[in-house]
1. Rounded to the nearest 0.05, what FRET efficiency is calculated for residue 144 and residue 5 with R0 set to 41 Å and r the Cβ-Cβ distance?
2. Compute the acute angle (0 to 90°) between the alpha-carbon long axis of helix 53-66 and the principal axis of greatest extent of the alpha-carbon atoms of the chain; round to the nearest 10°.
3. Using Cβ counts within 10 Å as a stand-in for footprinting exposure, how do 322, 269 rank, fewest first?
4. Each label point is 7 Å from the Cα along the Cα-to-Cβ direction; what then is the distance between the points at residue 23 and residue 206, in nm?
5. On alpha-carbon atoms, Rg over Rh for the chain using Kirkwood Rh?
6. How much mean residue ellipticity at 222 nm does the chain get from its helices, if each DSSP H run of length 4 or more adds -39500 (n - 2.57) and you divide by all residues, to the nearest 500 deg cm²/dmol?
7. PRE reach from residue 136 (point 7 Å along Cα→Cβ): which of segment 84-123 fall under 15 Å by backbone N?
8. Taking only C-alpha pairs under 8 Å that are 6+ residues apart, what is the relative contact order of the chain in percent?
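Derivation of every value follows stated rules applied to the coordinates shown; laboratory data play no part. All values derive from a computational prediction rather than experimental measurement. Cβ coordinates were reconstructed from backbone atoms using ideal geometry, including for glycine residues, and neighbour counts include every protein chain displayed.
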Ligand code: PMP
């Protein structure tokens with residue numbers, strides 16, 4: 001059976017419009033950088049809820065339903081998340097009729113909160129600086145709620161194997177079909193790590209010799225070797241990637257190389273993807289693509305680099321989409337290419 005679903009008829013509901021995302025060549029950047037290799041991006045903002053996390057929300061809910069663990073109208077779904085898993089779950093809950101509670105750190109954008117509310121989710125905001133095991137963290141608060149609310153269930157993207165499996169059977173299988181198995185380097189950022197671990201697992205099974213590169217923000221500890229993580233930065237603006245613990249679903253044995261990324265590298269690159277390629281993508285896309293491009297600059301003719309773009313600019317209308325926000329944080333210098341200076345003013 002094909003991993004790619006074509007949509008040219010009537011869909012029973014919007015949950016069918018998750019997965020089978022387009023793979024797009026970044027032609028203008030390839031030309032501008034005089035790349036010898038091919039460079040493609042998998043555009044996850046085409047998912048119904050606007051991010052790669054719609055895939056895992058769908059699979060975690062469907063598998064729990066199949067196992068008889070949850071029932072619409074009875075179960076309350078609770079999840080600690082940086083936002084996109086929340087939106088994915090709230091979308092499932094809105095269509096299927098579950099009560100939904102999302103716990104998320106204060107740092108996460110107002111745009112995500114508004115979408116969550118509009119989808120009918122109840123929101124609990126938690127202190128961003130609370131470590132994962134702090135009683136005030138979004139993870140601890142979700143666990144407390146699960147105990148106090150009858151018929152509550154936490155899908156738990158950090159330990160639920162349906163998270164990486166959504167990418168093994170979805171994202172990765174689609175990439176193999178879309179490229180005919182021709183990928184030399186695969187680049188993705190890591191939050192829970194479900195995307196990189198699940199996708200890399202199937203890519204490595206089917207494409208011998210493929211290299212998998214993980215991108216982790218400075219201030220996070222996911223990268224290996226651990227010495228990479230010792231920069232003197234604790235906070236960062238990019239949302240959705242990086243953690244202060246290693247989630248169970250992040251099987252780092254599938255990652256051949258880790259690269260660290262700064263906000264100063266990521267944010268202008270996210271804007272560059274918009275301006276030069278028309279890709280309406282989010283900040284973590286800039287992190288992953290920054291390194292995909294760095295790698296592509298070193299790759300010979302006939303090779304291909306593929307990068308995941310996890311979410312949409314919709315989440316960041318008052319953040320990196322705004323010039324003022326970028327200037328205030330010095331994100332427009334020194335990475336901004338000279339020739340583009342005028343449209344940053
Ligand atoms: N980028 C964004 C914007 C995200 O919300 C997430 C999910 N936390 C990721 C990247 C990373 O995905 P994963 O959790 O599968 O590693």
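1. E between residue 144 and residue 5, to the nearest 0.05, is 0.60.
2. Result, in degrees: 30.
3. On the way: 322 12, 269 25.
Lowest count first: 322, 269.
4. Going from the residue 23 label point to the residue 206 one covers 0.8 nm.
5. Result: Rg/Rh = 0.95.
6. On the way: 11 runs with 113 residues, N = 345.
My calculation for the chain gives -9500 deg cm²/dmol from helical runs alone.
7. 104-107
8. Values: 718 pairs, mean separation 66.7, N = 345.
This gives 19 percent for the chain.
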